[in-house]
Amino acid sequence: MSSGQDSVFSEYEETSQTSKLLRKFKETPFVPIGMAGFAAVVGYGLYRLKQRGDTKMSLHLIHMRVAAQGFVVGAITCGVLFSMFREYVVKPKE
């Protein structure tokens, strides 16, 4: 290998998975929020599954799917608006 490739690989080996994950969360904070919201809606749906009463199973699952998708789409929309605000309104100094 050439010395240029050694420096690139050593840079990736030095950073841990946790530091990579934290860096990604700082760059895009709404991705983990969307994932956590999705997990919360799915968990709530599973919790309420036995207490649905006389509601059909398919209708319950459709409502939970729509709620989970709505939360994820809302988080993506907020993330896009946040990045547009950061890029076009705040404009970091170059």
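Taken together, the values in this text are just the output of simple stated rules run on the coordinates, not laboratory data. What you are looking at is a predicted structure, and each value in this text was computed from that prediction instead of being measured. All Cβ positions, glycine included, derive from the backbone under ideal geometry; neighbour counts span all protein chains shown.
Here are some notes:
- Placing dummy labels 7 Å off each Cα toward the beta-carbon, the span from Thr77 to Lys24 is 2.5 nm.
- Local net charge near His60, Cβ-Cβ under 13 Å (Lys/Arg +1, Asp/Glu -1): +4
- Each residue of region 43-48 is assigned a 3J(HN,Hα), and the resulting list reads x, 5, x, 5, 5, 7 Hz, derived from the Karplus form 6.51 cos²θ - 1.76 cosθ + 1.60 (θ = phi - 60°), x at Gly and Pro.
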